[in-house]
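Okay, so here's the structure we're looking at.
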Amino acid sequence: MKHAVIVGAGIAGLATALRLGQDGWHTVVVERAPARRSSGYMVNLIGPGYDAAERLGLLPALSAHDLGLFTTVLVRADGRPKFTVPATIAEAALDKRAMTVFRGDLESRLYEAVRDRADIRFGTTVTSIDQDTDHVRVALSDGTTQHADLLVGADGVHSATRTAVFGSGFQVDLPYLVAAFPLTHPVPGVPESSATTFIGPRRTAAIVNLGPERSSAFFTYRCEDPAADLRRGPVDSLGAAFGDLDGGVTDAIRHLGKDPTSAYFDAVSQVVMPNWSTGRVVLLGDAAWCVTLFAGHGAALALAGADQLGTALQRHDDIPAALAEWEAGLRPEATKRQALARRGMLQYAPPSRFHVWMSDLTIRAITLPGIRGLVRRSIERANH
């Protein structure tokens, strides 16, 4: 039986443990956090991500958590509507092999699927890594040493595994901050089964009302000193950046004040590396190719990466050869998503009022019946 150590118990790490466990590997998953974490932003499973979720056997459990489609209302700063984008627009753009769920629900379903297949150790870190041609030795903070065939670093954009094995300099920090968090109850001013979205110069605020325990908020803004805002915390930073807005925004920030730890709040970074593996150590997910939330495909890429890694390891007894084949197959998609994310920054944080106006024109055009087919075909090309 082959043995793998996986660093990180997020989507990428749990999906890797699930796929390798299904293939007969013994896996140890180590996670720095003392317990599982969840966050409230929505993730789209389309294209290769949906295919991977299906092959991993996750779709039956996820179907009960599918958020479906909803209307989006573009609003002004005072909360008054500009125009509405009906749910039928999203329906026209996506095929039936698509699903939208909260990140926390996806992570929970992965954990439930893998917890009996893997040795999962919370509150545990890697203290040293040493490899030769036959094995990789991983010393852990719990005092044990694992002798493994493979080490998978799935510990996110700030990956300690990446730094320990590959060095520093691969994280590209961008002048934006992102916050996303669940809303236990819908906030006033947001119609049921809809999202209100304000897009202004250098910032976006979106509030989604899908009912109790199914609502959420998303914020992003350009910030010249992200580290300073991170130190201030999400409540004060969001209040300073968005406190002038109406339409449920201030209510959402006030809701966050009851539990600031419920928010995903971080600077926006990408990870750009010439290689994702060396010897028997491989990086997967945000640790290797972080595309940012602007791309909207991080979870899907993590699932696809884990599933395709398992396929490559099945085809090759030579692990370095399997890793090279896996990377060659996946890198074009990750590179494309990173490029789309960089363009997406202009959509989520337009640099000027002119850019906001141009964005409004584009969105309005998409609502025209004759344009919907073109939109669907362009999205299908992007996702396959």
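The values are calculated or read from the model by the stated rules, or taken from the named source; none is laboratory data. Bear in mind that the values here come from a model prediction, so they are computed numbers and not experimental data. Glycine gets a Cβ as well: all are built from the backbone with ideal geometry, and neighbour counts include every protein chain shown.
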Can you find even one residue in segment 126-148 that is in contact (Cβ under 8 Å) with a residue 40 or more places away in the chain, in contact with a Gly (Cβ under 8 Å, 6 or more places away or on another chain) and under 16 Å from residue 21 (Cβ atoms)?
-> no
Could you please find all residues in segment 131-176 being among the acidic types (Asp, Glu), surrounded by fewer than 20 Cβ atoms within 10 Å (Cβ to Cβ), modelled with pLDDT of 95 or more and under 23 Å from residue 286 (Cα atoms)?
-> 149
Of (1) at pLDDT 95 or above; (2) crowded, with 23+ Cβ neighbours inside 10 Å, residue 290 fails just (1)
Looking at segment 48-57, which of its residues are out of contact with any Asp or Glu (no Cβ under 8 Å at 6 or more places or on another chain) and crowded, with 20+ Cβ neighbours inside 10 Å?
-> 49, 50, 53
Looking only at segment 216-252, count how many residues are in contact with a helix residue (DSSP H, G or I) (Cβ under 7 Å, 6 or more places away or on another chain), in contact (Cβ under 8 Å) with a residue 24 or more places away in the chain and closer than 26 Å to residue 74 by Cα.
-> 11
What are the pairs, 6+ residues apart or on separate chains, where a residue within segment 345-362 that is within 14 Å of residue 220 (Cβ to Cβ) and free of Cβ contacts under 8 Å to residues at least 60 places away in the same chain has its Cβ under 9 Å from a residue that is part of a helix (DSSP H, G or I) and not aromatic (Phe, Trp, Tyr)?
-> 346/355; 346/359
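Quick grid of which residues meet (1) without any contact (Cβ under 8 Å) to a residue 60 or more places away in the chain; (2) of a type outside the set (Phe, Trp, Tyr):
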site: 17; (1), (2): no, yes
site: 21; (1), (2): no, yes
site: 33; (1), (2): no, yes
site: 51; (1), (2): no, yes
site: 61; (1), (2): yes, yes
site: 65; (1), (2): yes, yes
site: 75; (1), (2): no, yes
site: 83; (1), (2): no, no
site: 122; (1), (2): no, no
Among (1) of a type in the set (A, V, I, L, M, F, W, C); (2) modelled with pLDDT of 95 or more; (3) surrounded by fewer than 22 Cβ atoms within 10 Å (Cβ to Cβ); (4) in contact with a helix residue (DSSP H, G or I) (Cβ under 7 Å, 6 or more places away or on another chain), where does residue 98 come up short?
-> (2)
Of those in segment 186-239 that are surrounded by fewer than 17 Cβ atoms within 10 Å (Cβ to Cβ) and among the charged types (D, E, K, R), the residue modelled with the lowest pLDDT is 213
Residues of segment 1-47 being in a helix (DSSP H, G or I), surrounded by 21 or more Cβ atoms within 10 Å (Cβ to Cβ) and polar (S, T, N, Q), which ones?
-> 16
Somewhere in segment 193-204, is a residue more than 24 Å from the chain's Cα centre (by Cα) and touching a residue at least 24 places away in the same chain (Cβ under 8 Å)?
-> yes
Helices (runs of 4 or more DSSP H) contained in segment 191-299 and holding at least 2 residues of a type in the set (A, V, I, L, M, F, W, C), in contact with a strand residue (DSSP E or B) (Cβ under 9 Å, 6 or more places away or on another chain) and within 30 Å of residue 146 (Cα to Cα) | 286-289
Residues of segment 17-58 that turn out to be touching a helix residue (DSSP H, G or I) at 6+ places or on another chain (Cβ under 6 Å) and under 17 Å from residue 157 (Cβ atoms), as a count = 3
